[in-house]
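FYI, it's all coordinate maths here, none of it is from the lab. Model, not experiment: these values are computed from the prediction. For neighbour counting, all protein chains shown are included, and Cβ atoms are generated from backbone atoms with ideal geometry for every residue, glycine included.
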Amino acid sequence: MRIITIIGARPQFIKAAMLSQAIRQRQAEDCPIQEKILHTGQHYDYEMSDIFFTELGIPAPAWHLGCSTSVDEMVQNIIPILQEERPDMVVVYGDTNSTLAGALAASHCNIPIAHIEAGLRSYTDMAEEHNRVATDRLAHWLFCPTSTAVDNLHKEGITQRVYQVGDIMYDAAIQVGLMPSSILDRLDISAPYLLATVHRAENTDRTERLAHILTAFARLNRLIILPLHPRTRKVISAHPELQQLLQQAANIRVIDSVGYADIATLEKNAYCILTDSGGIQKEAYFHRTPCITLREETEWVETVQTGWNTLVGTDIHRILSAVNNVRRPQQEITEYGSGTTARQIVDILCAF
Ligand code: UDP
C-alpha cells in the first residue's frame, strides 16, 4: 500500500512525525505499507520546518513544492505528482491551506483521503474552519481526536468511516519527554515566567487586536517568554506602534520560534500559557499547565469544560484578570487517548 502524506505547516510536521514512525513500525512487522512525503512549502523558515524534520526524524520529503500559501497554486502543483504516482491514499492533517489543497488535489485524481484531526469545529468564519469543513466533506477516512469531533461530523450527516482515535499530538507529547532540551539554561530563566504565542490571522491581521494583546502582556509585570511566529514578526516590523510597545515592555522577552523539545520544556515549566494556537491549548493540558486562550472560541472544548483553559479573546482586562485568577483544576481529560493514536490510524489504514 502506497501513501502520500501532504504537509506544509509546523503543527503538521509534528503530527506527521508520529504517523511516519508508526508506519515504519508496522512495515517492519507485517504490512507492506510505504509512505512518501510531499511538502507544499507553506512554512519554509528553518525554525518553522527543517528543524522538525531533523529533530523528530521525519523522512525527507520526496517533493518540496516551495509554494506560497495559495491553495490554487498548491493544487496545481500537487495534481501532476498524484497523477504520476497513483498512491492508494493521501493523508492530510488539520486545517491549513496545505490540508485543503492536498484534499482537493486527491479528490480531483480520485484518490481516497485520510483526514487526521477530522471533525473539529469553531463555528466561525475563519479560513481554518472552511479548510477543515471542506476537507471532511472530501475525506474517505475521518480520524477524530474527541467525541465532540465525532458528534460534529454526525450533525453534518457524516457517519461513515468516522473513527475516534485520540489525539496524535498526545503521542508526540509523551515522546518528547524523552528528548533533552537546554532551553531554560540557554535563556537563563530563573524566575517564574509565562509563555505566550500569538500567530492566528484573526489576531495578527487586525493590528488593534495585536496591540491589545501586547498591551496586556506589558501590564502583566511578570516575565513573559514570547517565541515569535514569522507572521507575527512581519506584522510587528511593519507597524512602528507595535514595535514601540514591545521595546517599552521590559518584561516581554522575544525569542525566535523554537523546536519541539524546547517548546515542550517551556510549556511544562511555565506558570501559565497565553496563546491563540490550537495545538498549544492541548499541550498546556498535556503538561498540566493552565492555559489562557486569546480567542473567543476553541475547537478543544473539553479543555475549557474541565477548567484547564480560559477563553479571553483580546480584551486587556479579561487577559489580566485571567492571569491573576489562574488555577489548576483537578479534573482530567480522558479523550486524548494513551499515546497510541498513530498506531491505531495505521492499523485501520493497513486493513484497507
Ligand atoms: N511549536 C513549536 N515551536 C514554537 C511554537 C510552537 O514547536 O516556537 C509547536 C507547538 O508545540 C505545537 C505546534 O507548534 O505542537 C502548534 O503549532 P501552531 O501554534 O503554529 O499552529 P496551530 O496549532 O494553531 O494550528
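Residues that are buried (at least 17 other Cβ atoms within 10 Å of the Cβ) and touching a Leu at 6+ places or on another chain (Cβ under 7 Å): which helices (runs of 4 or more DSSP H) entirely in the range 114-233 hold 2 or more of them?
Details: elements: 127-138, 147-155, 168-176, 183-186, 201-204, 207-220.
Of the helices (runs of 4 or more DSSP H) lying wholly inside the range 114-233, those with at least 2 residues that are buried (at least 17 other Cβ atoms within 10 Å of the Cβ) and touching a Leu at 6+ places or on another chain (Cβ under 7 Å) span 127-138, 147-155, 201-204, 207-220.
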> Which residues, taken from the range 10-34, are free of Cβ contacts under 8 Å to residues at least 40 places away in the same chain and of a type outside the set (A, V, I, L, M, F, W, C)?
Replying inline: SER20, ARG24, GLN27, GLU29, ASP30, PRO32, GLN34
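Does ARG295 count as over 27 Å from ALA17 (Cα atoms), of a type in the set (D, E, K, R), within 15 Å of the ligand (Cβ to nearest atom) and under 16 Å from the mean Cα position of the chain (by Cα)? First the steps, then the outcome.
Values: over 27 Å from ALA17 (Cα atoms): yes; of a type in the set (D, E, K, R): yes; within 15 Å of the ligand (Cβ to nearest atom): yes; under 16 Å from the mean Cα position of the chain (by Cα): yes.
So ARG295 passes the test.
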> Which is in contact with a strand residue (DSSP E or B) (Cβ under 9 Å, 6 or more places away or on another chain), in contact (Cβ under 8 Å) with a residue 24 or more places away in the chain, within 22 Å of SER277 (Cα to Cα) and not aliphatic (A, V, I, L, M), of THR124, THR135?
Replying inline: THR135
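Within the bounds of the range 42-61, is there any residue that is of a type in the set (Gly, Ala, Ser), touching a residue at least 24 places away in the same chain (Cβ under 8 Å) and touching a His at 6+ places or on another chain (Cβ under 8 Å)? Before the answer, list the steps.
Let us first name the residues in the range 42-61 that are of a type in the set (Gly, Ala, Ser), namely 49, 57, 60.
Now drop any that are not touching a residue at least 24 places away in the same chain (Cβ under 8 Å), which leaves 49, 57.
Those still in the list that are touching a His at 6+ places or on another chain (Cβ under 8 Å) too: 49.
So far as the range 42-61 goes, yes, one or more of its residues are of a type in the set (Gly, Ala, Ser), touching a residue at least 24 places away in the same chain (Cβ under 8 Å) and touching a His at 6+ places or on another chain (Cβ under 8 Å).
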> If you go through the range 236-248 one residue at a time, do you hit one that is crowded, with 19+ Cβ neighbours inside 10 Å, in a helix (DSSP H, G or I) and near the ligand (Cβ under 9 Å from one of its atoms)?
Replying inline: no
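Within the range 257-292, can you find the residues that are of a type in the set (Ser, Thr, Tyr), within 11 Å of the ligand (Cβ to nearest atom) and assigned to a loop (DSSP other than H, G, I, E, B)? Give the derivation first.
To start, the set of residues in the range 257-292 that are of a type in the set (Ser, Thr, Tyr) comprises 257, 260, 265, 271, 275, 277, 285, 289.
Filter once more, so that each one left must be within 11 Å of the ligand (Cβ to nearest atom): 257, 260, 265, 275, 277.
Across the range 257-292, the qualifying residues are SER257, SER277.
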>> I'd like the full set of residues that are of a type in the set (D, E, K, R) and farther than 23 Å from LYS36 by Cβ, limited to the range 99-158.
In response: ARG121, ASP125, GLU128, GLU129, ARG132, ASP136, ARG137, ASP151, LYS155, GLU156
